[in-house]
Amino acid sequence: MKYRPLGHTGLSVSELSFGASPLGGVFGAVEENVAMETVHTALDLGINFFDVAPFYGLTRAETTLGRALRGVPRDRYLLSTKVGRYGMAEFDFSAERVMQSVEESLGRLQVDHVDLILCHDIEYVALNQVIDEAIPTLRKVIGQGKARFVGISGLPLKIYSDVLNQTALDAILSYCHYTLNDTTLAGLIPFLKQKGVGIINASSLAMGLLADRPLPEWHPAPDIMRQTVEQAAMHCRKLGTSLPQLAIQFALANQEIDTTLVGMSTPQEVRDNIAWLTTPVHAELLAEIQAILSPIRDMTWPSGLPENNA
Ligand code: NAD
């Protein structure tokens, strides 16, 4: 496993990191013993960064991850969780709720601090509340020793420049924007580097769209994206390889991204994903797949308030 600095935080993060939303049952039920083994396989194979949120499985992912990490020396892993999103349509970035949320997360995770705390899916609310209330509250949380660094997450890339032009952040978590079919995050990287912000790329499998498996009901991809991706998956299968393999190799090949979070729900997925990092990419296949995916290139879906998507 290779490790890279996360922006200017001084943290050294594994290039492949562990997205814990599947532990909340977001992509289908995960047995408790399988969840425990998955987390331990990740740790044993060198993954040192774990991301979770109260929203995932409505607190279940945090509780499960906390149980899995219980007894593991705290200096063996880095942990990020989030505040502000508590349901499909439940958001609260007020100072009081942010403070309460941090306490609840620390309890479920069974730790006295997290390394990174992110304002979760901020495009759903007026950004001034995040900038003027939530982030300053999280700086107090850092002052209390309950977190070390602060950042934001969300889908529209516009939110990152909007917030970073008004306040400093240690890291951002962008998702579904550096994948086989959408590389729009690349255009923002020079700005993020210039601001010294750690870059976390999440969902290199486009939240399962590129996993060549049935999608969960909540997945927002329109039919055209699903159909086009299915053609790409078929093409890979015909050649005896797999679309998720190519997708993970593609995302991880970008050295400008500090870490790529993949949601993992079985020890086998962890082992496969790590093995793929050292397997040569089939350049001809990559070109063929990108040609198949060209009709949906950089296609996304709206998320949150219209003014945060413009
Ligand atoms: P993802 O693109 O990482 O895909 C996860 C799905 O792919 C799961 O169903 C998983 O079981 C499957 N998968 C993993 N490895 C596989 C393999 N080798 N073969 C086939 N299938 C495989 O999506 P994600 O989990 O949504 O994103 C990763 C993490 O990033 C999340 O768990 C979360 O921690 C974070 N995230 C944060 C936000 C946010 O803050 N707004 C949004 C999305 C993701």
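Coordinate-derived values only; no laboratory data. Here the structure is a predicted model, which means the values were calculated and not measured. Neighbour counts are summed over all protein chains in view; Cβ atoms, including those assigned to glycine, are modelled from backbone coordinates with ideal geometry.
Taking 0.36 nm per residue of separation and subtracting the Cα-Cα distance, what length does fully extending LEU58 through ASN128 add?
22.6 nm
In region 1-114, what percentage of the DSSP-assigned beta bridges are antiparallel, given to the nearest 5?
Approximately 45 percent, going by the DSSP bridge assignments.
By DSSP, what percent of the beta bridges with both residues in the chain are antiparallel, rounded to the nearest 5?
Roughly 15 percent of the beta bridges in the chain run antiparallel, per DSSP.
For ALA283 paired with TYR3, estimate the spin-label separation in nm (one decimal), with each label point 7 Å from Cα along the Cα-to-Cβ line.
Label-label distance for ALA283 and TYR3, simple model: 3.3 nm.
Once the Cβ-Cβ distance between LEU239 and ASP272 is put in as r, and R0 is 22 Å, what FRET efficiency do you end up with, to the nearest 0.05?
For LEU239 and ASP272, the calculated efficiency is 0.80.
At a threshold of 8 angstrom on Cα-Cα distance, excluding pairs fewer than six apart, so keeping six or more, what relative contact order does the chain reach in percent?
22
Let me make sure I get this right: for region 31-103, a, b and c are the square roots of the gyration tensor eigenvalues over alpha carbons, sorted descending. Under 1.5 in a/c it's rounded, otherwise prolate if a/b > b/c, else oblate. Which is it?
It is prolate, given that a/c is not under 1.5 and a/b is the larger ratio.
Along the Cα→Cβ direction, 7 angstrom out, place labels at ARG76 and TRP218. What is the inter-label distance in nm?
3.0
If the cut-off is 27 Å between C-alpha atoms, which lysines fall inside it for LYS146, apart from same-chain ones fewer than 8 positions away?
Excluding near neighbours in sequence, the set is LYS82, LYS193, LYS195.
Calculate for the chain the 222 nm mean residue ellipticity that helices alone would give, adding -39,500 (n - 2.57) per DSSP H run of length 4 or more and normalising by residue count, nearest 500 deg cm²/dmol.
-10500 deg cm²/dmol
Using only the alpha carbons of region 143-206, determine the length spanned along each of the three principal axes and report them from longest to shortest in whole angstroms.
Per principal axis, max minus min of the Cα coordinates gives 41, 23, 16 Å.
For LEU45 and SER94, calculate 0.36 nm times their separation in residues minus their Cα-Cα distance, and state this gained length in nm to one decimal.
So the extension gain works out to 13.8 nm.
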